[in-house]
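One structure is given below, encoded as structure tokens.
The values are calculated or read from the model by the stated rules, or taken from the named source; none is laboratory data. Just so you know, these numbers come straight off a predicted model, no measurement behind them. No Cβ is skipped: glycine too gets one built from the backbone with ideal geometry, and neighbour counts run over all protein chains shown. Calculation scope for accessible area: heavy atoms of the full protein, side chains included, ligands and nucleic acids excluded. Shrake-Rupley method; radii C 1.70, N 1.55, O 1.52, S 1.80 Å.
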Amino acid sequence: MADGSDDFSLTPSTYLCGVPDGMQPIVVSQQLAQLQQDAPDAPAAVFVARDGRRMQKMAEHLRHLCPNHDVLLFPAWDCLPYDRVSPNVGVLAERMTTLAQLATGKNAGKIVVTAVNAIVQKTLPPELVQQFALFFKVGENIGTEKLIEWASINGYLRVPTVREEGEFAVRGGLVDLYPAGAEAPLRFDFFGASLETIRTFDPETQRTLAQQKSAALVPMSEVVLTPDAISTFRRAYTRQFGGDTANDPLYAAISAG
């Protein structure tokens with residue numbers, strides 16, 4: 001929150017306190033309508049809920065009450081920091097998809113719905129999100145190598161046949177990839193370096209569902225293991241915990257990417 005002191009570069013013009021939970025979506029939608037009328041080019045609005053349940057409810061209500069706005073969800077990890085269990089793939093996908101959309105800079109009319117424990121957690125800076133998010137269009141000269149390299153760096157697992165999120169497969173000029181947060185996997189068909197078609201397909205039958213002209217891809221994780229990142233981790237880890245890493249599974253896993 002901003003308190004009007006010089007330590008804050010932005011000060012809200014209106015404070016709303018004591019709004020009952022049931023009335024919050026209506027009040028927020030009214031405020032957004034007024035904001036769009038007064039400042040149509042204003043950046044994304046942000047609603048911070050107390051917890052994940054209220055965040056989900058608010059997002060559902062706003063999608064019905066504000067059909068002309070893009071409602072983006074930014075949930076918290078469903079595990080504790082430094083836990084041996086990774087966050088759910090769907091949670092990571094939703095977070096990365098929201099970050100990628102915000103990093104484009106075209107945020108007028110967008111609403112970010114999040115929770116307190118989500119926004120206090122560190123994540124990737126915008127410039128890195130822009131660097132690692134990919135946008136493909138049919139007809140571009142891309143080449144399979146660029147897509148394969150991107151998938152390998154950004155947490156996708158190479159498999160013979162794609163069936164689940166976070167997997168990719170290569171068969172000649174065809175690259176199948178199941179993007180984070182997507183309803184169906186994508187099949188990229190290349191002729192030489194040119195991207196001829198992008199098709200969605202059923203992961204069970206492998207049959208084509210539909211064609212599309214473009215695709216937006218985001219990393220599977222907020223931990224992007226580039227060679228530089230791995231090198232930085234190795235130096236910091238040995239400095240903090242010593243050089244005996246021969247039997248350390250965490251050190252070995254990150255060193256292997």
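Can you tell me which residue is surrounded by the most Cβ atoms within 10 Å (Cβ to Cβ) among those in segment 72-85 that are touching a residue at least 24 places away in the same chain (Cβ under 8 Å) and of a type outside the set (A, V, I, L, M, F, W, C)? Explain how you work it out, then say what you get.
Of the residues in segment 72-85, the ones touching a residue at least 24 places away in the same chain (Cβ under 8 Å) are 72-77, 81.
Remaining after also requiring of a type outside the set (A, V, I, L, M, F, W, C): 75, 81.
Numbers: P75: 22, P81: 7.
Out of the qualifying residues, it is P75.
Out of G192, G242, report the one residue that is open to solvent by less than 60 Å² (accessible area, probe 1.4 Å) and either out of contact with any Ser or Thr (no Cβ under 6 Å at 6 or more places or on another chain) or more than 25 Å from P125 (Cα to Cα) (or both).
The unique qualifying residue is G242.
If you scan segment 193-206, which residues turn out to be more than 17 Å from E167 (Cα to Cα) and assigned to a loop (DSSP other than H, G, I, E, B)? Don't jump to the end; show me each part of the working.
Of the residues in segment 193-206, the ones more than 17 Å from E167 (Cα to Cα) are 193-197.
Passing the criteria: only A193.
In segment 140-153, is there at least one residue being over 18 Å from the mean Cα position of the chain (by Cα), buried (at least 16 other Cβ atoms within 10 Å of the Cβ), at pLDDT below 90 and in a loop (DSSP other than H, G, I, E, B)?
yes
What tally of residues in segment 219-235 results from selecting those that are at pLDDT 85 or above and either of a type in the set (F, W, Y) or open to solvent by less than 30 Å² (accessible area, probe 1.4 Å) (or both)?
So the answer is 2.
In segment 130-139, how many are outside any strand (DSSP E or B) and in contact (Cβ under 8 Å) with a residue 40 or more places away in the chain?
Total meeting the criteria: 4.
Yes or no: D202 farther than 30 Å from P125 by Cβ and surrounded by fewer than 17 Cβ atoms within 10 Å (Cβ to Cβ)?
Here the answer is yes, as D202 does meet what is asked.
If we scan segment 88-111, do we find a residue that is open to solvent by 60 Å² or more (accessible area, probe 1.4 Å) and over 17 Å from the mean Cα position of the chain (by Cα)?
no
Looking for whichever is touching a Pro at 6+ places or on another chain (Cβ under 9 Å), part of a strand (DSSP E or B), open to solvent by 40 Å² or more (accessible area, probe 1.4 Å) and not polar (S, T, N, Q) here; the options are A216, A169. Which one fits?
That would be A216, the only listed residue that is touching a Pro at 6+ places or on another chain (Cβ under 9 Å), part of a strand (DSSP E or B), open to solvent by 40 Å² or more (accessible area, probe 1.4 Å) and not polar (S, T, N, Q).
Provide a single number: the residues in segment 105-126 that are touching a residue at least 24 places away in the same chain (Cβ under 8 Å) and out of contact with any strand residue (DSSP E or B) (no Cβ under 7 Å at 6 or more places or on another chain).
Counting residues in segment 105-126 that are touching a residue at least 24 places away in the same chain (Cβ under 8 Å) and out of contact with any strand residue (DSSP E or B) (no Cβ under 7 Å at 6 or more places or on another chain) gives 7.
Can you find, within segment 172-189, the residue that is most open to solvent (accessible area, probe 1.4 Å) among those that are among the acidic types (D, E) and part of a strand (DSSP E or B)? Write out each step before concluding.
Applying the first criterion (among the acidic types (D, E)) to segment 172-189 yields 176, 183, 189.
Checking which are part of a strand (DSSP E or B) leaves us with 176, 189.
On the way: D176: 1, D189: 39 Å².
Filtering first and then ranking leaves D189.
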